[in-house]
Ligand code: ADP
């Protein structure tokens, strides 16, 4: 699925980027062509002015005769404005379009007095190559004493421009497919980068669904087998069904807590709604949690110590959620610390951060398990967690809550020595 999406992404990226690039290249080519033709046209106009200044007209026996002085194609090469253009021919026509005079090569093109500038193909080759030569021709009417007496036609060879354009065409013919290929590769790479987070999220979701289904299947089988055994017991035995029903109640309670946790994780995914946030004094919040856990510590024969030195630490967050995260951590410390052990809760401020530490001197977490401790359904010792009623969701929930508050949670632990969780929250 992801491979297919990546291919499609690369394909569309290549098509769109390649299309834009090709359009850009063609536009540049067109601009270059237009500019060159404009220069040639300008040169033609200047040349025509020069030629007319060197031409004299005389009316002899009712027909106009022309006399040309010092005009040769070579002599006009660098004319005017110093533009190096190759003159192809100069022609003079009378009003009827009959050729009067010609300098340069003759071509058998029909006289056309209408068009001013024309690009023609006189069916001959360029001197420097065997490419078909194109010429740019200007036809102008000639007036003498405000009387139209004929036409002057002047043409420049476009061979040098054709040579330049052929180079550009070759560059485009090679460059555009090459660029398209490169764009495809870049698209494939970017597609991979773009797909990675989605793929990761998808895999996580799949693993989560598989784990959740697995966790839910076990209690349902247990409920079913308890019910079946209860039903099979003799009619006069009231003890057996009762015991089975009690088992079912216990399993159902734990399953219900699992479902609540799963729902919690699904509902509180992502950032929190700013409207739900309120200013919370961490000192007050921890104080009330301390008194709650003090009672529990006595019941469990644990020594609970709290040090909440800073009197006011204001933080913007969701009180219920933050309480839930802290309870998960303190409950864990209680669960994994043997009777007679010590659990500490402290609050401190450092670099505009409220730091809450929950430390115990319990059984600790093996170093190999530490990196995965916040993963959903991850338990260090499944058998031990089942005994304590854990599904491996408590830390995942705590981390999700802290991250939703733009905070961070860290863990340090040594086996058989104890564990310390630290929460860093941005204070206002
Ligand atoms: P559980 O509900 O199983 O306790 P958690 O996500 O809360 O799941 O914890 C994951 C695992 O991390 C637990 O199975 C436990 O082995 C380990 N753990 C968490 N907190 C502590 C602690 N304070 N001391 C030792 N082990 C802990």
**OP:** Just need the relative contact order of the chain here, percent rounded to a whole number, with Cα pairs under 8 Å and 6+ apart.
**Re:** 11 percent
Original post:
With the chain treated as a Gaussian network of Cα nodes joined by springs under 10 Å, which of 220, 365, 149 yields the largest mean-square fluctuation?
Top reply: 149
Original post:
Helix 394-404 versus the longest principal axis of the chain: what is the Cα-based angle in degrees, 0 to 90, to the nearest 10?
Top reply: 40 degrees
Original post:
What angle, in degrees between 0 and 90 and rounded to the nearest 10, separates the Cα long axis of helix 239-267 from the longest principal axis of the Cα atoms of the chain?
Top reply: 30 degrees
Original post:
To the nearest 500 deg cm²/dmol, what mean residue ellipticity at 222 nm is calculated for the chain from DSSP H runs of n ≥ 4 alone, each contributing -39,500 (n - 2.57), summed and divided by the residues?
Top reply: -17500 deg cm²/dmol
**OP:** Mind telling me which of 363, 68, 355 comes out most flexible in a GNM of the chain, alpha-carbon contacts under 10 Å?
**Re:** 68
Original post:
On a 0 to 90 degree scale, rounded to 10, what angle separates helix 2-53 from the longest Cα axis of the chain?
Top reply: 20 degrees
Subject >> Cβ-based exposure ranking for 251, 423, 409, 15, in which fewest neighbours within 10 Å come first >> reply: 15, 251, 409, 423
Subject >> Gain in span if fully extended, residue 324 to residue 130, counting 0.36 nm per residue against the direct Cα distance >> reply: 61.2 nm
Subject >> Where labels lie 7 Å past Cα in the beta-carbon direction, separation of residue 206 and residue 166 in nm >> reply: 5.8 nm
Subject >> Nitroxide proxy distance, nm - points 7 Å out along Cα→Cβ at residue 95 and residue 148 >> reply: 0.9 nm
**OP:** For residue 117 and residue 221, calculate 0.36 nm times their separation in residues minus their Cα-Cα distance, and state this gained length in nm to one decimal.
**Re:** 28.1 nm
Original post:
What residue among 116, 335, 327 has the largest mean-square fluctuation in a Gaussian network model of the chain, using Cα springs under 10 Å?
Top reply: 116
Original post:
Taking 0.36 nm per intervening residue step and subtracting the Cα-Cα distance, what contour gain separates residue 306 from residue 193 on full extension?
Top reply: 36.0 nm
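Since every read-out is calculated from the coordinates, none of them should be taken as a lab result. On a predicted model such as this, the values are computed, not experimentally measured, just so you know. Note that we place each Cβ from the backbone using ideal geometry, even for glycine, and neighbour counts take in every protein chain shown.
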